[in-house]
Protein chains: 2
Amino acid sequence: MENPSSSNIEKLQQDCYNEWMCLQAKRMTDLKRALTNGEKNEGELRELIRTVIEDFEDYAGKRSEHSRRFSSNYFAPTWNTCLENALLWMGGCRPSSFIRLVYAMCGSQTELRLANFLHNDNIIGLSMALDETHGRIDVGGESMSDLTAEQLFKINELHMKTVQEENKLTKQSATLQEDTADMPIAVAAFYKERIGEADVEVERALDKYEEEMARILAEADKLRLTTLTKIVEILTAVQAADFLLAGKKLHLSMHEWGRLRERRRLEACGGEPGGDSGE
Amino acid sequence: MENPSSSNIEKLQQDCYNEWMCLQAKRMTDLKRALTNGEKNEGELRELIRTVIEDFEDYAGKRSEHSRRFSSNYFAPTWNTCLENALLWMGGCRPSSFIRLVYAMCGSQTELRLANFLHNDNIIGLSMALDETHGRIDVGGESMSDLTAEQLFKINELHMKTVQEENKLTKQSATLQEDTADMPIAVAAFYKERIGEADVEVERALDKYEEEMARILAEADKLRLTTLTKIVEILTAVQAADFLLAGKKLHLSMHEWGRLRERRRLEACGGEPGGDSGE
């Protein structure tokens, strides 16, 4: 993939995404197997966790390579559903949402544990109500209710820091967006007799904008990677595997739920998916 | 357009955008005519300016109506080019970019005035260099170099306030995005055996997310409207007309330049525009 020409960049970007989604589905199965087969051996699980983190590092590296000149695609990819694009932050999920996921898993597992406890004590009414919230009991993820106060403190510290870093990148992107309403682009737009007339200076400015956005995308991917790495360092091996499994399931599910919602709307409408009807 | 059913919402959204782009092209011509025909009569110009602002108010009202349940479309519209989507903030341009446009016009006009002055004094070398930067001299927009210190002070104050308001909305949207990685969505994703299995609670949460995003979109449109209104209040009638003309030209040009860049990439690639090749 050295020196990919502009002619196949878009194909490369989409192939790279498709490979990534397939790999996530595979890792989901790997993590599930490792957790349910009782491979709770610290060393083996840590090895798998390292592999999962390295997958993301590889993916981020490829994205960075493919976005150097054509980064716009990554900020509202055509391969995403519109639900996913509405949820996008710098071409991906918010790093802080990884931390929210830790909290969500921890909270739901504590609830489940309570439900199990009540179930064992035959206080059926309340436990049934709690069971119904989640559909099942004992399907994994139990480790997340064992988060210690020290772990929760570290996670909270990481949350604060991550939000700060996110805000820095959000500001940088805001400045770049504002810049496009300045010279030379705005001024060229004003002085052209014909709307959309090609202009070397504008092209250069837009290329530079896309390059800068590619840099921010790479920074955002780095922040996502750092946040993931720090979370799995704070968690035990089993907790980390449960957390990564939850992350993969959430990403894959969101993609499918987005498609389901789009399909439902299109069926109601009798239309065709995708395509820009132009003006 | 009362009670539009979900079956035609997407068509309505796109038609609404197409009408808006056509209206912008018409207003561009109206503003140009009013400025070049010497209709510099304060009252007439202010009337046209009011109409242009009202156009935006109507458009925002329609968007709000159409986004109430299906707002995701507005955060990365398929009718935009990917360049425009990469520049998007809450379904449109950043309100602060209107202010950057005032500064850009003011700066470029001051440069042009200097070029004209040098031209008259026959210091050809330097004036030619400045001419080349913009292509032409005396094509309108001159009023923007007449901004007084008081006007610039007010514009600067408005800039600070607008950025603050933008940041508030950015934070609200960040919180909503983070929420999707929490209960009930993340937890449902974890407990489903099959990825993408329909879930009433998830559907309800996603509907709520889209409704909240629709509210933020309406707030953002309100901020865009307020910022525009305050800018034209600070400017003289001629300046306001020049500014609105520059804004229309920038928006229309950006759409065309985005298409040009996409077409160029697709031609190099030999591919078809639009469409999601799926996985």
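The values are calculated or read from the model by the stated rules, or taken from the named source; none is laboratory data. From a predicted model like this one, the values you see are computed outputs, not experimental measurements. In this analysis, Cβ positions are derived from the backbone assuming ideal geometry, glycine residues included, and neighbour counts consider all displayed protein chains.
Is it fair to say B:Leu118 is modelled with pLDDT under 75 and either buried (at least 17 other Cβ atoms within 10 Å of the Cβ) or touching a Pro at 6+ places or on another chain (Cβ under 8 Å) (or both)? Can you show your working first?
Numbers: modelled with pLDDT under 75: no; either buried (at least 17 other Cβ atoms within 10 Å of the Cβ) or touching a Pro at 6+ places or on another chain (Cβ under 8 Å) (or both): yes.
For B:Leu118, the condition - modelled with pLDDT under 75 and either buried (at least 17 other Cβ atoms within 10 Å of the Cβ) or touching a Pro at 6+ places or on another chain (Cβ under 8 Å) (or both) - is not met.
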Checklist outcome for this item: With the first residue restricted to the range A:173-189 and required to be more than 7 Å from chain B (Cβ to nearest Cβ) and surrounded by 20 or more Cβ atoms within 10 Å (Cβ to Cβ), and the second required to be modelled with pLDDT of 90 or more and not in a helix (DSSP H, G or I), Cβ contacts under 8 Å at 6 or more apart or on different chains are A:Ser173/A:Met90; A:Ala188/A:Asp199
Next on the checklist: List the residue pairs whose Cβ atoms are under 8 Å apart, where the first residue sits in the range B:35-62 and is modelled with pLDDT of 95 or more, the second is of a type in the set (Gly, Ala, Ser), and the two are 6 or more positions apart or on different chains.
Outcome noted: B:Leu48/B:Ala34; B:Leu48/B:Ala241; B:Ile49/B:Ala237; B:Ile49/B:Ala240; B:Ile49/B:Ala241; B:Ala60/B:Ala218
Item to check | So B:Gly91, is it at pLDDT 90 or above and on the phi > 0 side of the Ramachandran plot | outcome: yes
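Does B:Asp207 satisfy being among the acidic types (Asp, Glu), buried (at least 16 other Cβ atoms within 10 Å of the Cβ), in contact (Cβ under 8 Å) with a residue 40 or more places away in the chain and more than 7 Å from chain A (Cβ to nearest Cβ)? Even if it seems obvious, please write down each step before you answer.
Details: among the acidic types (Asp, Glu): yes; buried (at least 16 other Cβ atoms within 10 Å of the Cβ): no; in contact (Cβ under 8 Å) with a residue 40 or more places away in the chain: yes; more than 7 Å from chain A (Cβ to nearest Cβ): yes.
For B:Asp207, the condition - among the acidic types (Asp, Glu), buried (at least 16 other Cβ atoms within 10 Å of the Cβ), in contact (Cβ under 8 Å) with a residue 40 or more places away in the chain and more than 7 Å from chain A (Cβ to nearest Cβ) - is not met.
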Checklist entry - Just for the range A:217-229: of the residues that are out of contact with any strand residue (DSSP E or B) (no Cβ under 8 Å at 6 or more places or on another chain) and surrounded by 19 or more Cβ atoms within 10 Å (Cβ to Cβ), which one is farthest from B:Cys106 (Cα to Cα)? => result A:Leu228
Checklist entry - Any idea which residue in the range B:240-253 is farthest from A:Met183 (Cα to Cα), counting only those that are within 7 Å of another protein chain (Cβ to nearest Cβ) and in contact (Cβ under 8 Å) with a residue 60 or more places away in the chain? => result B:Leu252
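In the range B:58-76, which residues are among the hydrophobic types (A, V, I, L, M, F, W, C) and in a loop (DSSP other than H, G, I, E, B)?
Keep residues of the range B:58-76 that are among the hydrophobic types (A, V, I, L, M, F, W, C), which gives B:60, B:70, B:75-76.
B:Phe70, B:Ala76, listed by residue number.
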Item to check | Selection from the range A:77-102 of residues that are more than 20 Å from A:Arg265 (Cα to Cα), more than 7 Å from chain B (Cβ to nearest Cβ) and part of a helix (DSSP H, G or I) | outcome: A:Pro95, A:Phe98, A:Ile99, A:Val102
